[in-house]
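The values are calculated or read from the model by the stated rules, or taken from the named source; none is laboratory data. Keep in mind that this is a model prediction, so the values were computed, not measured. Don't worry about glycine lacking a Cβ; one is built from the backbone with ideal geometry, like all the others, and counts go over all protein chains shown. Keep in mind that these areas ignore ligands, DNA and RNA; they rest on the heavy atoms of the full protein, side chains included. Shrake-Rupley method; radii C 1.70, N 1.55, O 1.52, S 1.80 Å.
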Amino acid sequence: MAEITFRSVLLLSAVFRVVLIFYGEWQDAHMAVRYTDIDYLVFSDAAALMVSGKSPYDRSTYRYSPLLAFFLMPNSFLHQSWGKFLFSASDLLVGLLIHRILKLRGVPEKLSTYSAMVWLFNPFTFTIGTRGNCEPIVCSMILWILICLMKDNLIQAAFWYGLVVHLRIYPIIYALPIIILLDPLYFQHGKKPALGQWSFRNSESSLDSTNAEITGFWNFFRNLITWRRVVFGILSGTTFLIFTGLSFYLYGWDFLHEALLYHLTRTDPRHNFSIYFYHIYLHYEHELSILEKLISFLPQFIVQLILILRFAPDLPFCLFLQTVAFVAFNKVITAQYFVWFFCLLPLILPWTNMRLKWRGLACVSVWIGAQTHWLMWGYLLEFRGKNVFLQLWMASLLFLAANTFVMINVIRSHVFCPLFKPSSSKSKFDISDQFK
Amino acid sequence: MFAISANLSGSKQFNINNRDDISRFLSDLRLSSREVLQLRFGDENSFHAMCFCDISHKHQIVRTGFDLCNCGFILHFTSGQTCSVDEYIAESYFKKYHSFIEREFDNFIANKIPLGSCKLLKDENLLMVKSLSRNVIGEGSHRWLSSSMRLKFPRELKHELTARSCEVVVIERLPSGVFADPFELQHFVQRGVFTDASVFGDTNLELPSFRSNQTVVEIHMSIDSKVPLRDEDESEIILKVPLHARYQPLGHGFSRVEFGAPDIFVCCSSTEQDVTKRLCQPIPTSLIPDKKGSPLMWEIPCGNKEHAAVVSAVTFGFAISTALLIVLTSVSYSRQ
C-alpha cells in the first residue's frame, strides 16, 4: 500500500465529509426519513430567531448557549448547511489536533496517523458532524486546551476552558485534574515544561513527584495554592462568568433555565442507555427525595474522585477515563455523549499494551454488542409497541457492565506516562540526561 | 344581523343573533310550495339577498340577487362581517381558555363559532359527509390517526366550490396519552400534504401523560383537487395525522387510550373587492354513519408499579458494585 501520510488521510476525510453533507441534503429532500439530526433544525430555527432580533429560547427544546445560535446565523442568509460545514470542519480539526498532541509527546509519525484515523474514520464521528450535531466543536476545544497546557499557554488554556464549560457543563469534571497537573514541580522558570516522551514510556522511572502530594493532608492543600493554579482558576472562572453573564443579560431567565439548569436537573423518564431510566419512570409520580438523589450521585462521585487522584498526571488518560465513567454513570445517556470520549481515545492508544487481537477486539465487541442488544429492546418497545421495560432495563445494566469491562481492561493494560516530566533542576533522577 | 322574510303574503322581520334564532325562525315558516322566501342578511345599507323557495322539496340552489328562483333552502350565505373566522378555528377557544376543558370545548364548538358560519339545518349540507371511517394505523409509539371520509358535492355547487378555495378542517381532541409534534406537522405543511396544521394546548413533548394536559390538533386539507369531475358527485379524502405516545401512568402491561369523534368543518375563503372572507360550516359527525361501532383504541405499554422496589434496589446496588470495581482496579494499578 502506498505510504499513508497524515495529510492524505485528512484530505480523504474532508472529501468524504463534504460528500456526506451533500448526500444528507439530498436525502432530506427526497426521502421520508431525514438524514439531518432533529437538533440541527432546532439550532437553525434558533439562529433564524436571533437574526430577526428575537431570543433563541423562543424555539422550544433549544437548550444550548446563545453563542451556538450566534455562530449558526449564516444558516439564514448564506445556506442552511453552513452549520454542518462548521461542525465537520471542527471534526477535521479534532483529527489534526490529535495528531499534533501525539507528535508533541514523541509518538512516531505512523502510529500518530493510525491513531488519528481511529477518530477520522470512526463511522460515529463522521455521521455526527455531517448530521448537524454540535459536539465536534466542544471536542476540538478540549483538545486545544490540552495543547495550550502542554505548551504552557496558561492564559489561553484558561480562556478556552471557561468558554467550553459555558458551552457544555460536563468539562467541569476536568477542573481538578488540570489543577493537579499544574504542579510547580514541572515548571522551571523561563522554560516550557518537558513533555513525557513516548519512546521512554517503558523505561521512565515511576518516580513521579506527585506521589509526594498525598503526604499529609495539609501539605496537599498548602501546595495547591500556587500561582499557576490560581491564575488558571481565576481566569477560567472569569471567562465563564463573563459569557454566562452576557447571555443572562441578553436573554434573562430563559437562558438560565434552558441552557444551564435543565442539564443539571434533568431527569428524563423516557428510555435511554442509562440504568436509572426505569427507576426514574417508576417514581415519576412523586418527587425523588434528597436521599435518592444523593445515592444516585454517590457512585459517580466516588469513581471520579479516585480516577483523578490516581491518574491526573497522565492527563489525556485521566480525562478519557473520567469521561467514560461520567457518561456511564449519568442519569441520562444519549448516543451523542459518546463523542466526548471518542475524541480522547486516540490520545491513549499509543500507550496501551492491549493488542487488537483478542483483548482489543474483545473490548470493542463487548461494548458494541451491549449497545446493539439495548437498541434491539429499544426498537421493540418504541417501534413494535411491546412491553419490554424490564428487559430494556436489564439491557442498560448490561451496558454499564460493558463500560466497566472496557474501563478495567484499558486501565490494566495502560502504560502510565505523565504528561509532564519533573523539571531537571528539581527531580532527583532524570533519565533523559543520559541521552544528551 | 336580521332576516326579512318576504313572500306573497307580506313581510315579516326577525332578529337573528344566534343559531337558535335561525331554527326557530325557520320552523315558524309555513310556506306552501312554490312560495318564494327571500332572506336578506346584513344591515340596512348593505346586504346580500338570497332567494329560496319551495322549501318542502328541499332542493339546493343558491343564487344571489333578487331574482326569483325555483328551489332553495338556507345553506350558505356570503355576507356579513361576522362571517370571518380566525385562521384556526380552535385558536379563538385557546385565546380565551388557555387549556383544554372538555365541556367548555363542546360548548365552544356548538355555539361560539361566529354566527357567520353556515349552519346545518335539518339534514342538508353544503357538503355532505356520507361516511367517515377512522383507524389508528402503525405499530409502536408512533402511529397515524387516519380519517377517511366520503364527501358528497351538490352538483350545482361544484363550480362555486372550486372558485373559492375550500378546505376541510378537522379538529381532533387528542386524549392525554398521545401528542402531535407541531414541528412534524409544519414539515407536512411545507411538503404540501396539509394546507395548514396547528396544535393547541399543552405542547410539552417530553412530559409523561400524567403531567400534561390534553391537546387539540387542527388540520386543514384543501379539497380543491378533490371536487369530483363532471359526472361524479362524491369523492374521498383521507387525512392522516402522525401521533406519538407519551409515557403512560404506571399500570399493568398496557394502557388504553381512546379516541373520540373529530369535529369536522368545511371552510371556504372568498375574495370580494380585495377583502378576503372565510366562512366555516360545521359538519356534525353524529349524523354520519360510522362503520366502526366500537371506539377507536390504542394500546401503549406502560411501566409496572410492582417492579419499583426491585428495580430501585438492583439499580443502585449495581451502580455501587461497578463503581467499586473501577475503584479497586484504579487503586491496585501500579504505575511502574
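How large is the convex hull of the C-alpha atoms of chain A per residue, in Å³? Each step should come with its number before you reach the end.
Working: hull volume 76.9 nm³, N = 436.
Spread over its residues, the Cα hull of chain A gives 176 Å³ apiece.
Multiply the residue gap between residue A:78 and residue A:230 by 0.36 nm, knock off their C-alpha separation, and tell me the result in nm, one decimal place.
Working: separation 152, 0.36 × 152 = 54.72 nm, distance 4.31 nm.
Fully extending the segment from residue A:78 to residue A:230 adds 50.4 nm.
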So if I take the alpha carbon set of region A:89-210, get Rg, then get Rh from the Kirkwood formula, what is the Rg over Rh ratio? 0.99
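For region A:229-304, what does the convex hull of the Cα positions come to per residue, in cubic angstrom?
Working: hull volume 11.2 nm³, N = 76.
So the per-residue hull volume is 147 Å³.
Quick check: with the 1.4 Å probe, what order do A:407, A:354, A:376, B:297 take by accessible area, largest first?
Numbers: A:407 5, A:354 35, A:376 95, B:297 70 Å².
Correct descending sequence by accessible area is A:376, B:297, A:354, A:407.
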Would you tally the net charge around residue A:69, using a Cβ to Cβ cut-off of less than 14 Å, leaving residue A:69 out, and scoring K and R as +1, D and E as -1? -2
Could you tell me which trypsin sites (Lys or Arg not before Pro) in region A:1-78 are loop residues by DSSP with no more than 13 other beta carbons within 10 angstrom of their beta carbon? A:54
Give me the distance between the Cα centres of region A:297-324 and region A:1-53, rounded to whole Å. 33
Can you give the average number of partner chain beta-carbon atoms within 10 Å of each beta-carbon in peptide A:273-286, as a whole number? 5
Taking 8 Å as the Cα distance limit and 6 or more residues as the minimum spacing, I'd like the relative contact order of chain A as a percentage. 18
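Count the net charge of all other residues whose Cβ sits under 12 Å from the Cβ of residue A:83, scoring Lys and Arg as +1 and Asp and Glu as -1. Before the final figure, lay out each step's value.
On the way: positive: A:84, A:131; negative: A:37, A:39, A:45.
Once positives and negatives cancel, what remains is -1.
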For region A:325-424 (alpha-carbon point model, no solvent) the Debye-based log₁₀ I(q)/I(0) at q = 0.10, 0.13, 0.17 Å⁻¹ works out to -0.36, -0.57, -0.86
Taking beta carbons within 10 Å but only from partner chains, what does the mean come to for residues A:381-388? 6
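Below 11 angstrom from the Cβ of residue A:126, what's the summed charge of the other residues (Lys, Arg +1; Asp, Glu -1)? Don't jump to the answer; show the numbers that get you there.
Numbers: positive: A:17, A:131; negative: A:91.
Combined, the nearby Lys, Arg, Asp and Glu give +1.
Nearest 0.05, what FRET efficiency do residue A:294 and residue B:222 give at R0 = 60 Å with Cβ-Cβ as r? Mind dumping the intermediate values first?
Numbers: r = 57 Å, r/R0 = 0.96.
Plugging the Cβ-Cβ distance into 1/(1 + (r/R0)^6) gives 0.55.
Return the FRET efficiency for the residue pair residue B:144, residue A:27: r is the Cβ-Cβ distance, R0 is 22 Å, and the value is rounded to the nearest 0.05.
The calculated FRET efficiency here is 0.50.
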Computed on Cα atoms, Rg of region A:268-402 relative to 2.2 N^0.38 Å comes out at 1.17
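How crowded by other chains is B:301-308, given as the mean number of beta carbons from other chains within 10 Å of each beta carbon?
Averaged over the peptide's residues, the number is 5.
Can you give the FRET efficiency for residue A:109 and residue A:191, using 1/(1 + (r/R0)^6), R0 = 25 Å, r = Cβ-Cβ distance, to the nearest 0.05? Walk me through the numbers on the way to the answer.
Working: r = 26 Å, r/R0 = 1.04.
Between residue A:109 and residue A:191 the formula returns 0.45.
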Considering lysine pairs in region A:286-436 that are 8 or more places apart or on different chains, how many have Cα atoms under 29 Å apart? 5
Taking every pair of alpha-carbon atoms in region A:346-393, give the share separated by more than 15 Å as a whole percent. 59
Between A and B, accessible area buried - total, square angstrom, nearest 100, 1.4 angstrom probe: 4800
Computed label-point distance, nm, for sites residue A:390 and residue B:313 using a 7 Å Cα→Cβ extension: 1.5
Largest-first ranking of B:195, A:61 by accessible area, probe 1.4 Å, whole protein assembly kept, is B:195, A:61
Hey, if you drop one equal point scatterer on each alpha-carbon of region A:25-139 and run the Debye formula without solvent, what base-10 log of I(q)/I(0) do you get at q = 0.10, 0.11, 0.18 Å⁻¹? -0.37, -0.44, -0.89
